[in-house]
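Notes follow the structure.
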Amino acid sequence: MGLDMSVIPRNFNVLLGGFYTTLKLFVLALAGGLPLGIFLGLGRLSSRKWIYYPVSAYINFIRNVPLLMVIFWIYFALPIVTGHNIGRLSSAIIAFIVFEATYFGEIIRAGFQSVKKGELQAAYSTGLTYTQAVRYILIPIGLRRVIPSLMTQIIVIFQDTSLAYVIGLREFVRASTIVNAREIRSLEIFGFVAMVYLLICLVGSTISNRLEEKGE
Amino acid sequence: MGYQFDWGVIVREPYWHWLLNGFIKTLILGSISWGIALFLGLIIGTIRTLPLKLARAIGKTYVEFFRNIPLLVQLFFWYYVIPPMVGQWFNRMQNLPWIMAIFGLGVYTASRVAEHFRSGLNSVPKGQRHAGLSTGLTNFQLYRHVIIPYGFRLMIPPITTEFLTIFKNSALAMTIGVLELSGQSYKIGTWTFHSFESITAAVGGYLIIGFTVIVFMGWVEKKLKIPGLLGGE
Amino acid sequence: MVAEEETLITIDEVSKWYGEVQALKGISLEIERKDVVVICGPSGCGKSTTLRCINGLEEFEEGDVIVDNVSVRKVQGTKKIYKLRSKIGMVFQHFELYPHLTALENITLAPKKVFGMSKKKANEKGMELLERVGIPKQANQKPGELSGGQQQRVGIARAIAMEPQTILFDEPTSALDPEMIRDVLEVMADLAEGGLTMVVVTHEMGFAKEVANKIAFMEDGVIVEHEDVETFFKNPKSERAKEFVDRVLVHI
């Protein structure tokens with residue numbers, strides 16, 4: 001049983017299509033997850049009980065549940081109850097946003113907490129409103145502090161996109177299994193998939209390390 | 001078209017039994033993999049702190065490799081690629097998915113645990129090394145009696161997180177055919193079309209596991225508390 | 001028969017660099033049996049580094065240290081260094097007790113593992129040592145439950161437990177509150193009286209005057225002056241030493 005790497009170029013279209021879907025899912029999950037994460041982070045720091053408790057409950061709940069379950073729930077369960085059918089990609093995007101925002105939220109909260117009280121008070125004393133203080137002080141300073149942790153989580157999200165496999169979304173991994181069903185060259189195909197992820201994530205963590213060093 | 005909730009689904013036979021079965025499978029899968037992860041992770045984490053360049057390089061390669069490939073892909077490797085390589089007798093084994101899931105999950109989690117161990121061991125103050133070595137302890141004795149016990153306690157919070165995570169990650173085993181908790185909830189859904197209820201039940205199961213882990217690790221932390229260190233007085 | 005003036009440790013022209021910076025510049029010192037040598041000098045002059053070179057905890061680039069006829073240079077990185085280290089005890093400024101072990105366990109760990117002593121015998125010896133340093137009641141307490149002075153005394157007992165020829169003290173009282181300094185210095189004076197060979201890095205000039213027999217004054221990685229205690233305090237040779245003695249004596 002020799003190695004036949006030609007199976008990759010032969011099926012390049014399918015694989016590329018899958019990868020493209022993975023990218024779409026990734027980018028949209030980030031686009032939704034980061035802002036929501038900022039809100040959740042702020043919510044966890046709120047002194048208003050009616051914000052703090054629901055947000056904390058939500059975060060603690062989601063963090064105890066597998067991402068797989070969240071994806072299932074949104075794709076299978078929700079449509080049955082609401083009568084609306086959501087497509088695979090949309091379900092996956094929503095699930096990711098809902099799930100990953102909690103992780104972002106905790107990281108961002110730590111970042112916000114590291115901003116010294118004095119700096120915030122200085123901002124308020126010059127007449128800035130809460131929203132302005134958040135926008136011009138908390139976010140620039142706090143977010144910058146936790147960029148390494150955020151980068152790590154972003155890399156995790158990129159890997160997590162593979163879970164959309166379970167609802168049949170044709171992302172990169174699902175595409176590769178489709179090809180494998182045809183070609184039965186699992187070592188070459190899955191090896192290729194593994195290498196692609198490995199490469200991208202290594203590049204990501206190198207960038208993250210550089211950013212961390214620059215920040216010091 | 002209104003939806004009729006049927007919560008009885010999850011307490012009726014055979015579905016209740018399926019769920020219970022899945023719950024127990026998740027517990028066992030998580031626990032055994034955790035054992036592998038701790039054992040492997042401790043070794044690799046320690047290797048990464050040794051003064052030998054080659055040892056550190058081996059450790060780093062392991063961690064970077066297993067950490068940067070999605071768990072799903074790793075499981076596929078364990079289930080689809082490796083068994084045929086071992087031999088057809090292996091490929092046809094009864095409990096193949098179960099065994100491969102345990103290995104895959106354990107080896108993957110070990111890479112993350114190794115990082116926490118490395119960080120913990122490196123956080124042990126240098127003076128402790130000096131003190132141990134100055135009484136004539138060998139490097140091995142130093143690690144075994146001073147550095148590892150000390151470093152371990154520093155790592156309990158991140159280790160707790162990993163312990164929680166391994167049970168969540170165990171859900172992926174359903175993709176290679178292991179009927180653990182999430183797999184069962186999916187199956188019930190396909191049989192009864194009441195996946196909302198079955199998935200909710202499964203979520204409840206995971207919450208129970210998560211709660212138990214947190215309580216257990218809290219007990220462990222208390223037992224290992226070092227007075228004067230890390231707020232333990 | 002062992003002569004009284006037997007040289008236990010010879011430091012021979014030792015030089016050490018931290019990257020570009022030279023921390024030790026050709027240090028030479030001889031420690032004879034029953035010597036109590038105080039090494040003093042301004043902060044950063046290399047006193048502690050010198051100590052750590054003696055038992056091989058720090059590597060040095062030039063020169064050598066001979067301990068009981070064994071060259072530290074030669075055994076550095078080999079298994080023989082462990083044996084060498086068990087002949088030299090060390091007491092640390094920040095005590096460095098193992099926080100997860102009790103006082104007694106701190107003391108008995110090395111004797112059990114290095115000498116293979118039985119637990120029973122090690123515990124007996126350990127209790128004896130705790131009595132000797134004055135804190136037998138604290139045997140089963142962990143370092144976090146002890147005061148600084150108590151911890152340091154356990155540290156001293158831990159060093160003595162290996163029955164070393166020499167004990168190195170690295171600023172043993174610098175991290176202690178004034179009330180406790182006296183207790184620890186008393187223990188050290190006792191040990192000196194009992195004939196223990198000691199090399200002590202310290203700022204406690206009172207101790208130097210009362211207990212030590214030799215002083216080495218270091219500055220900037222060099223031993224500026226080295227003589228017996230009386231001469232040093234009455235007639236320091238160098239300008240720097242004179243300044244130092246003047247400033248210090250005012251406080252005694």
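The values are calculated or read from the model by the stated rules, or taken from the named source; none is laboratory data. As the structure is a computational prediction, the values presented were derived from the model and not from experiment. In this analysis, Cβ positions are derived from the backbone assuming ideal geometry, glycine residues included, and neighbour counts consider all displayed protein chains. For the accessible areas, the whole protein counts, side chains as well, though only heavy atoms, and no ligand, DNA or RNA atoms are used. Shrake-Rupley method; radii C 1.70, N 1.55, O 1.52, S 1.80 Å.
Per-structure values
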| read-out | value |
| --- | --- |
| Test: residue in the range C:52-74 that is within 13 Å of chain B (Cβ to nearest Cβ), acidic (Asp, Glu), open to solvent by less than 50 Å² (accessible area, probe 1.4 Å) and without any contact (Cβ under 8 Å) to a residue 60 or more places away in the chain | yes |
| Check on A:SER208, among the polar types (S, T, N, Q), more than 10 Å from chain B (Cβ to nearest Cβ) and in contact (Cβ under 8 Å) with a residue 40 or more places away in the chain | yes |
| Answer from B:GLY127, B:GLY120 - the residue that is within 29 Å of B:GLY59 (Cβ to Cβ), at the interface with another protein chain (Cβ under 10 Å from one of its Cβ atoms) and small (Gly, Ala, Ser) | B:GLY127 |
| Any pair with Cβ under 7 angstrom, 6 or more apart, that starts in the range A:39-62 at a residue that is more than 17 Å from A:PHE104 (Cβ to Cβ) and ends at one that is open to solvent by less than 20 Å² (accessible area, probe 1.4 Å) | A:ILE51/A:GLY43; A:TYR52/A:GLY43 |
| Residue, surrounded by the fewest Cβ atoms within 10 Å (Cβ to Cβ), within the range C:164-176, restricted to residues that are farther than 18 Å from C:GLY134 by Cα and of a type outside the set (A, V, I, L, M) | C:SER174 |
| Restricting the range A:162-204 to residues that are outside any helix (DSSP H, G or I) and among the aliphatic types (A, V, I, L, M), the residue that is surrounded by the most Cβ atoms within 10 Å (Cβ to Cβ) | A:LEU169 |
| Filter result for the condition that a residue is more than 10 Å from chain A (Cβ to nearest Cβ), open to solvent by 50 Å² or more (accessible area, probe 1.4 Å) and part of a helix (DSSP H, G or I), over B:LEU29, B:LEU20 | B:LEU20 |
| Residues (more than 10 Å from every other protein chain (Cβ to nearest Cβ) and crowded, with 24+ Cβ neighbours inside 10 Å) located in the range B:174-187 | B:VAL178, B:GLU180, B:GLN184 |
| Filter result for B:THR190 (buried (at least 23 other Cβ atoms within 10 Å of the Cβ) and either facing another protein chain (nearest Cβ under 7 Å) or over 25 Å from the mean Cα position of the chain (by Cα) (or both)) | no |
| The range C:90-99, subset facing chain B (nearest Cβ under 7 Å) and touching a strand residue (DSSP E or B) at 6+ places or on another chain (Cβ under 8 Å), residue farthest from C:GLU204 (Cα to Cα) | C:PRO99 |
| Residue within the range B:199-207 that is farther than 18 Å from B:HIS17 by Cα and away from chain C (no Cβ under 14 Å) present | yes |
| Index of the failed condition, C:LEU191 passing every other in (1) assigned to a strand (DSSP E or B); (2) surrounded by 19 or more Cβ atoms within 10 Å (Cβ to Cβ) | (1) |
| Per-region count, the range B:61-115, residues open to solvent by less than 50 Å² (accessible area, probe 1.4 Å), at pLDDT below 90 and either in contact with an Asp or Glu (Cβ under 8 Å, 6 or more places away or on another chain) or among the basic types (Lys, Arg) (or both) | 0 |
| B:SER198 touching a Pro at 6+ places or on another chain (Cβ under 9 Å) and in contact (Cβ under 8 Å) with a residue 40 or more places away in the chain | no |
| Matching residues, the range A:126-142, being among the polar types (S, T, N, Q) and surrounded by 11 or more Cβ atoms within 10 Å (Cβ to Cβ) | A:GLN132 |
| Selected residue (criterion: nearest to B:GLY204 (Cα to Cα)) from residues of the range A:51-67 that are buried (at least 20 other Cβ atoms within 10 Å of the Cβ) and away from chain B (no Cβ under 11 Å) | A:ILE59 |
| Failed item, numbered, when C:VAL38 is tested on (1) closer than 22 Å to C:GLY155 by Cα; (2) within 14 Å of chain B (Cβ to nearest Cβ); (3) within 19 Å of the chain's Cα centre (by Cα) | (2) |
| Matching residues, the range C:218-234, being open to solvent by less than 60 Å² (accessible area, probe 1.4 Å), closer than 16 Å to C:ILE31 by Cβ and in contact (Cβ under 8 Å) with a residue 40 or more places away in the chain | C:MET218, C:ILE223, C:VAL229 |
| Matching option when the condition is among the basic types (Lys, Arg) and within 12 Å of chain B (Cβ to nearest Cβ), among C:ARG182, C:ARG153, C:ARG132, C:ARG158 | C:ARG158 |
